[in-house]
1. So which of ILE162, ILE169, ILE94 is open to solvent by 20 Å² or more (accessible area, probe 1.4 Å) and aliphatic (A, V, I, L, M)?
2. Condition (residue is touching a residue at least 24 places away in the same chain (Cβ under 8 Å) and more than 25 Å from THR185 (Cβ to Cβ)) applied to segment 70-89: is it met by at least one residue?
3. It is to be established whether one or more residues within segment 63-84 are over 23 Å from VAL20 (Cβ atoms), charged (D, E, K, R) and over 14 Å from the mean Cα position of the chain (by Cα).
4. Taking VAL121 and the conditions (1) within 22 Å of THR8 (Cβ to Cβ); (2) surrounded by fewer than 15 Cβ atoms within 10 Å (Cβ to Cβ); (3) hydrophobic (A, V, I, L, M, F, W, C), which numbered condition does it fall short on, given that it satisfies the others?
5. List every residue pair whose Cβ atoms sit under 7 Å apart, with the two residues 6 or more apart in sequence or on different chains, where the first one lies in segment 30-45 and is free of Cβ contacts under 8 Å to residues at least 60 places away in the same chain and the second, anywhere, is crowded, with 20+ Cβ neighbours inside 10 Å and among the acidic types (Asp, Glu).
6. Looking at (1) within 24 Å of MET1 (Cβ to Cβ); (2) among the charged types (D, E, K, R); (3) open to solvent by 40 Å² or more (accessible area, probe 1.4 Å), find the lone condition where LYS151 falls short.
7. Taking segment 45-90, which residues are more than 29 Å from ALA182 (Cβ to Cβ) and among the small types (Gly, Ala, Ser)?
8. Filter segment 97-116 down to residues that are farther than 16 Å from PHE7 by Cα and of a type in the set (A, V, I, L, M, F, W, C) and give me whichever is surrounded by the fewest Cβ atoms within 10 Å (Cβ to Cβ).
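The values are calculated or read from the model by the stated rules, or taken from the named source; none is laboratory data. Just so it is clear, the structure is predicted and the values come from calculations on it, not from any experiment. As a convention, Cβ positions derive from the backbone with ideal geometry for all residues, glycine included, and neighbour counts pool all protein chains shown. Just the protein is used for accessible areas: all its heavy atoms, side chains included, with ligands, DNA and RNA removed. Shrake-Rupley method; radii C 1.70, N 1.55, O 1.52, S 1.80 Å.
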Amino acid sequence: MFLALFFTLFTIMALGIDSVSFYENYFDGRNVTNILAIIYFLLMYLSSDLHLRKLMFTMVLLSYIGELIFCKLLGMYDYRTTAIPIYVPFGHAIVYASGYIFAHSFWAIKNEIQLRKIFAVGFLALFLGVGIFLNDWFTLTFGGFFFWLVKRKQWNNLYYFIALCVIFIELVGTHFRCWAWAPKTFGIIPAVNPPMGAVFFYAGGDVLLAKIVRLWYNKNLKRV
């Protein structure tokens, strides 16, 4: 839980070192951020149970494939350099693990029903507000898909907690100009930088992640 809570401060520090301003005033801190992310990932990995370890390990591999698709192939966003930073796949796993830990905390489970209502209203207001007032059709579109996915998963708060962590890291990363989203996704859909609707892709990745780990368990059971 401490590592999950410290996630916010770590994100600001790590992405601040990889920022454009840090590069212009000091040196290219990309490698420092890479090392920090790997160390933080290992700390979370080693302090987690077996199930979360499998999720984190698989998330690193899955997120790198996602980066190749969404960044390089579809051009939805770009990093400050042409290469995908090493810390990014590990960062995705850290984001996921933090949301997972929050969602499975005693407080979150105890207040599950109340949180579900607060999250639903809050995210709906966020998506509509950004979409209408900032002309972010990306968020209106994929925010709708996010709610569709969460509904299919019986409004599981896990997706909301992960989405909160995603929004935080997206705001910090774009603020430091570590990456930037295209003003028009696919050259058609207007989007702000960052679009809040991006949480849908993380949620969709979580669904795929869960299925992969489930297959992993089934394969191990067959061996037994």
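1. None of the others qualify; the one that does is ILE169.
2. From segment 70-89, those touching a residue at least 24 places away in the same chain (Cβ under 8 Å) are 70, 74-81, 85-89; that's our starting set.
Okay, now just the ones that are also more than 25 Å from THR185 (Cβ to Cβ), so 86.
Yes, segment 70-89 has at least one match.
3. No, that holds for no residue.
4. The number of the failed condition is (1).
5. Going by the 7 Å Cβ cut-off, the qualifying pairs are ARG30/ASP18; THR33/ASP18.
6. (1)
7. SER47, SER48, listed by residue number.
8. Per the stated criteria, the residue is PHE106.
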